[in-house]
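Presented below is the structure to which this report refers.
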Amino acid sequence: MAVEKNVNIKVGDKNRSFKLYVPSSAKDNCPLVVSLHGAGGSSNDKSPFGTDVADWAGCIVVYPQGLPTPFPVGFGGSANGWTATGEENFDTEFLLAVIDEVAKSYKIDRKRIYCCGFSNGGMMTYAMSCACSDVFAAFASISGYQLNEFHLRLTGKRPVPFLHIHGKADDFVLYELMPKIVCQMVTRNGANPVPVKTTVKGKYTKSVYEAQEGGFPYVYYEMDGMGHSPYTGNTEDGNSGKTMWNFFKQYTLDSPCDTTLKWRANVETEGFVPKDYGFTMNNSTFAFYFGETPQASGSNDKHNVYRTLQFVNGQYKLCFKTQGEAGKTVTVKLQKLPVSGNKGIILNATANVGEDVVLPFEVKDGWGEYRLTITRAKTDATTIGNLAIHALTAEEIATGITSTMLNAQCLMHNEQGSGVYNLQGQRLSKPGKGINIVNGKVVVIK
């Protein structure tokens, strides 16, 4: 027999509640779906992942209750909802406590926990994909992405499988701004930037940004005739909840990925259009330019939705390959936004054309947004490919590879990019003990 009840818990100093639904079809070690209502809604909405879908899928579903939350843009006041900042906060703490509370009474599979939401619940789903990417195996949003006071924050511990459903007639959480969200998520996942598209006239266009090495896909449904709604029957499954489940069930926390991958543009993909991603490429002195100027929340019709690189404290490496005339160079700069003179520059290096380039850098002052520029002489035809950013591995950090030790001079090889170098940039006949640069790659010999 199915179980449906309200559960009260205390999280920190706050009394919180959620609705629990356990279908009769649920077995031991079953999956758990956390389903988040929109602003002004409640757990009684059972939105957007219905109990009928839980019956069909054999999973437990919980509907947490949001607290009164300020929404100065859109609502002009407070409504029940979620503080979808993308950071760990009292709402992320609550949702994790909900999972623990369910686990006290039911045997759930901790590797198959999923998060979805509608509207502000969708915003919170994006936030959880950043703050708690190591707890949830996959995510789905309907009619919701972070905007206004909740600007999209992309600093998770790993790439994430993500599905998004949005109505073309949504004039509340604007459909027209979705391309920027797509850009940010596709590059965060290192997915193929040229989607496989399926269009069913009068129903939907489905774009699958397929997973590439180390990452996960981003799947985007554009729904004909759908406004700001938590549900549609026009997906190929005839039920948006079933579509979310069919996406979720492909993934567990054991699904392989490269946890060091933070951003990859895949600009060399056939059919790639740079302007679709907010990139300037091969234009005058810019071989590559990315990073829009931040906008104040609610200050204009862009609703605080823009494209940037984002990092938290840590050590990273920018990797790319240059092609062009031998003997030429490019200048690489990574600078915190908004740009103010020479302030906030965390990477400023020169690299030779024709090489695989690896440039470590470090972020020390907390979460921030950045602009990346790779410039060339105006008359040069240098191009950029294999562009990605990774976190340094524990081994790299442990052996002392930092932005102050390893710089562009260590990577200046011959025009083929081959050879063995030490950290002082001296060419060696063979790798020695310690840190070496071999054909543009870091090699550690103990």
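Remarks
- Under the condition of being part of a strand (DSSP E or B) and touching a residue at least 60 places away in the same chain (Cβ under 8 Å), the residues counted in the stretch 61-112 number 7.
- Residues that are of a type in the set (Gly, Ala, Ser) and buried (at least 17 other Cβ atoms within 10 Å of the Cβ) within the stretch 197-208 comprise just one, 207.
- Any hit, the stretch 168-191, residues being among the aliphatic types (A, V, I, L, M), more than 22 Å from residue 35 (Cα to Cα) and out of contact with any Phe, Trp or Tyr (no Cβ under 9 Å at 6 or more places or on another chain): no
- Residues in the stretch 326-351 that are surrounded by 14 or more Cβ atoms within 10 Å (Cβ to Cβ) and within 15 Å of residue 381 (Cβ to Cβ): 328, 329, 330.
- Flag if residue 225 is out of contact with any helix residue (DSSP H, G or I) (no Cβ under 9 Å at 6 or more places or on another chain), part of a loop (DSSP other than H, G, I, E, B) and open to solvent by 60 Å² or more (accessible area, probe 1.4 Å): yes
- Listed by first and then second residue, the pairs linking a residue in the stretch 349-360 that is among the acidic types (Asp, Glu) to a residue that is assigned to a strand (DSSP E or B) and surrounded by fewer than 23 Cβ atoms within 10 Å (Cβ to Cβ), with Cβ atoms under 9 Å apart and 6 or more places separating them unless they lie on different chains, are 355/321; 356/319; 356/321; 356/386; 356/441.
- Failed condition for residue 212, given (1) open to solvent by less than 50 Å² (accessible area, probe 1.4 Å); (2) out of contact with any Cys (no Cβ under 6 Å at 6 or more places or on another chain); (3) not charged (D, E, K, R): (1)
- Residue that is farthest from residue 155 (Cα to Cα), among those in the stretch 378-398 that are part of a strand (DSSP E or B) and open to solvent by less than 80 Å² (accessible area, probe 1.4 Å): 383
- In this structure, residue 25 does satisfy being assigned to a loop (DSSP other than H, G, I, E, B) and either at pLDDT below 95 or more than 28 Å from the chain's Cα centre (by Cα) (or both).
- Per-region count, the stretch 40-79, residues over 19 Å from residue 15 (Cα atoms) and either under 27 Å from the mean Cα position of the chain (by Cα) or not hydroxyl-bearing (Ser, Thr, Tyr) (or both): 23
- For residue 264, the conditions (1) open to solvent by less than 20 Å² (accessible area, probe 1.4 Å); (2) touching a helix residue (DSSP H, G or I) at 6+ places or on another chain (Cβ under 8 Å) all hold with the exception of (1).
- Lone qualifier among 194, 173 - being more than 18 Å from residue 246 (Cβ to Cβ), open to solvent by 30 Å² or more (accessible area, probe 1.4 Å) and part of a loop (DSSP other than H, G, I, E, B): 194
- Restricting 241, 291 to those that are open to solvent by less than 40 Å² (accessible area, probe 1.4 Å), modelled with pLDDT of 95 or more, out of contact with any Ser or Thr (no Cβ under 8 Å at 6 or more places or on another chain) and not aromatic (Phe, Trp, Tyr) reduces the list to 241.
- Residues that are closer than 17 Å to residue 37 by Cβ, touching a Phe, Trp or Tyr at 6+ places or on another chain (Cβ under 8 Å) and either open to solvent by 90 Å² or more (accessible area, probe 1.4 Å) or of a type outside the set (D, E, K, R) (or both) within the stretch 5-19 comprise 6, 7, 18, listed in sequence order.
- Flag if residue 123 is within 24 Å of residue 313 (Cα to Cα), open to solvent by less than 10 Å² (accessible area, probe 1.4 Å), at pLDDT 95 or above and not β-branched (Val, Ile, Thr): no
- Residue count, the stretch 63-80 (criterion: modelled with pLDDT under 85 and closer than 12 Å to residue 120 by Cα): 2
- Yes/no for residue 153 being among the charged types (D, E, K, R), crowded, with 17+ Cβ neighbours inside 10 Å and in a strand (DSSP E or B): no
- Top-ranked residue of the stretch 156-170 - restricted to ones that are within 30 Å of residue 315 (Cβ to Cβ) and touching a residue at least 60 places away in the same chain (Cβ under 8 Å), ranked as most open to solvent (accessible area, probe 1.4 Å): 157
The values are calculated or read from the model by the stated rules, or taken from the named source; none is laboratory data. Keep in mind that what you see is a predicted model, and the values were worked out from it rather than measured. As a convention, Cβ positions derive from the backbone with ideal geometry for all residues, glycine included, and neighbour counts pool all protein chains shown. Accessible surface areas use protein heavy atoms only, side chains included; no ligands, DNA or RNA. Shrake-Rupley method; radii C 1.70, N 1.55, O 1.52, S 1.80 Å.
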